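The values are calculated or read from the model by the stated rules, or taken from the named source; none is laboratory data. In this text, all values refer to a predicted model and were calculated from it rather than measured experimentally. Heads up, the Cβs are rebuilt from the backbone with ideal geometry, glycines too, and the neighbour counts pull from every protein chain shown.
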Amino acid sequence: MTSSTNQLNELGFYTLPGAPKSPRDLLKEVADAEALGLGSCFISERFNIKEAVTLSGAVGAVSTNLGIATAATNHNTRHPLVTASYATTMHRLTGGRFTLGIGRGIGPIYRAYGLPAVTTAQMEDFASVMRRLFRGEVILGHDGPIGKYPVLALDPSFDENIPLGITAFGPQTLALAGRAFDCVVLHTFFTDETTKRCVETVKRAAEEAGRDPASVRVWSCFATIGDHIPEDVRLKKTVGRLATYLQAYGDLMVTTNRWDADVLARFRDDGFVKGFRGALDNTATTAELEHVATLIPAEWLAPAATGSAEQCVRAIRAQFDLGVDGVILHGASPADLAPIVAEYRRDRNHSAFTRLAANPGL
């Protein structure tokens, strides 16, 4: 295992990328990540075998150095006391390596499941309540955007410093991250211009709220798919993944990146795409993804680390030039990332990252 002094706290990974067949896959991923010296493990949540509380507990139990963050769960799928208890349990289980990260969620999925839409005001209220509970406060008669609660309390002896994170797309959520959260995770396939704009929005909001902008860590979520990975898998993790985003929230992707909306309309009107049921990156065949690739402009896929290990590392380093504080090497397991991380270490600027903790929110 790599010692904590050689840990790359500016780099993270998502456990269980794609559609894993078993959550037990994370056990090897965590061991591989610690051997490589990756800084943080991020956990996304799905309503299948990727329930975030269980997964984060497993990562905490089998790791020693890794920072751990949910990126993201949703504040309205559990009672606030359940979520706060979960966060404090993880905090103490891991010796302070945990960040509780939330997100807005996907509107169409929420509507289908009968869940109310998440608002910016709710997420800000939630963050305030969590911080008060972590400090041991007893909250009486809370009546705010997250709801009405006669009593909210954990333990009056608590005084826990548990970072809060948020995943963000639009300017309202980015500004919220700057004024009320400790870290923010951006989305995959953001253009350089979008990433830079997002960083500026977060840092400016932090400053306007009287916070140190440097105290809010901005994480780029950067697809990292080297050419040592088989070609059919690369197709799934690039074309398939972006196509799935376009299926789920294409308008938001196009608006955020200032892409051509006519291209999205043609993608949606394609006979195969229109008739496809499910996520393209989960079940589409290689031949089908090759067809989908003809519908997506190369420049939409360009914000990613692809090619040789050297080319991937150059792309990763360029993300830091845009102002981000960390890069999540997205879409690949630690085993897939091994040659890229080895190349990254060759001439890493150690002094640039000494201020960063393994915990992705500190």
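Before moving on, here are some points about what is shown:
- Scanning the stretch 69-89 for residues that are hydrophobic (A, V, I, L, M, F, W, C) and without any contact (Cβ under 8 Å) to a residue 40 or more places away in the chain gives a single hit, Val82.
To keep it simple, each residue is scored yes or no on (1) more than 15 Å from the chain's Cα centre (by Cα); (2) assigned by TED's automatic domain parsing to the domain that holds Asp325; (3) of a type in the set (S, T, N, Q).
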{"residue": "Ala52", "(1), (2), (3)": "no, yes, no"}
{"residue": "Val82", "(1), (2), (3)": "yes, yes, no"}
{"residue": "Thr89", "(1), (2), (3)": "yes, yes, yes"}
{"residue": "Thr94", "(1), (2), (3)": "yes, yes, yes"}
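- Within the stretch 264-304, the residues that satisfy the criterion of being under 24 Å from Lys196 (Cα atoms) and out of contact with any Gly (no Cβ under 7 Å at 6 or more places or on another chain) are Ile296, Pro297, Ala298, Glu299, Trp300, Leu301, Ala302, Pro303, Ala304.
- The residue of the stretch 138-161 that is farthest from the chain's Cα centre (by Cα), among those that are under 28 Å from Pro116 (Cα atoms) and assigned to a loop (DSSP other than H, G, I, E, B), is Val138.
- The stretch 269-289 residues that are closer than 22 Å to Gly331 by Cα and modelled with pLDDT under 95, paired with ones that are in a loop (DSSP other than H, G, I, E, B) and not basic (Lys, Arg) (beta carbon under 9 Å, 6 or more apart): Gly278/Ala284; Ala279/Ala19; Asp281/Gly18; Asp281/Ala19; Asn282/Gly18; Asn282/Ala19; Thr283/Ala19; Thr283/Phe276
- One residue alone among Leu246, Leu322, Leu235 is under 22 Å from the mean Cα position of the chain (by Cα), assigned by TED's automatic domain parsing to the domain that holds Leu186 and modelled with pLDDT of 95 or more, and that residue is Leu322.
- Single residue of the stretch 101-114 satisfying the filter (touching a residue at least 40 places away in the same chain (Cβ under 8 Å) and outside any helix (DSSP H, G or I)) that is surrounded by the fewest Cβ atoms within 10 Å (Cβ to Cβ): Ile106
- Any chance Ile340 is of a type in the set (Val, Ile, Thr), touching a helix residue (DSSP H, G or I) at 6+ places or on another chain (Cβ under 8 Å) and assigned to a loop (DSSP other than H, G, I, E, B): no
- Hey, Val129 of a type in the set (A, V, I, L, M) and crowded, with 17+ Cβ neighbours inside 10 Å or not: yes
- Considering Arg355, Arg346, the condition of being within 16 Å of Ser40 (Cβ to Cβ) and out of contact with any strand residue (DSSP E or B) (no Cβ under 8 Å at 6 or more places or on another chain) is satisfied by Arg355 alone.
- None of Thr191, Thr224 is in contact (Cβ under 8 Å) with a residue 40 or more places away in the chain, among the polar types (S, T, N, Q) and buried (at least 19 other Cβ atoms within 10 Å of the Cβ) except Thr224.
- Every condition in (1) outside any loop (DSSP other than H, G, I, E, B); (2) under 18 Å from Ile162 (Cα atoms); (3) of a type outside the set (A, V, I, L, M, F, W, C) is met by Asn65 except one, and the failing one is (1).
- Candidate set: the stretch 259-277, residues that are surrounded by 11 or more Cβ atoms within 10 Å (Cβ to Cβ) and not in a helix (DSSP H, G or I); chosen: the one farthest from the chain's Cα centre (by Cα): Asp270
- Annotation note: Cβ proximity below 6 Å between a residue of the stretch 32-48 that is in the same structural domain as Arg104 (by TED's automatic domain parsing) and under 13 Å from Leu11 (Cβ atoms) and a residue that is among the β-branched types (Val, Ile, Thr) and in a helix (DSSP H, G or I) (sequence gap 6+ or interchain) occurs for Leu36/Val341; Cys41/Val59.
- No other residue among Leu11, Leu27, Leu36 is modelled with pLDDT of 95 or more and surrounded by fewer than 20 Cβ atoms within 10 Å (Cβ to Cβ) apart from Leu27.
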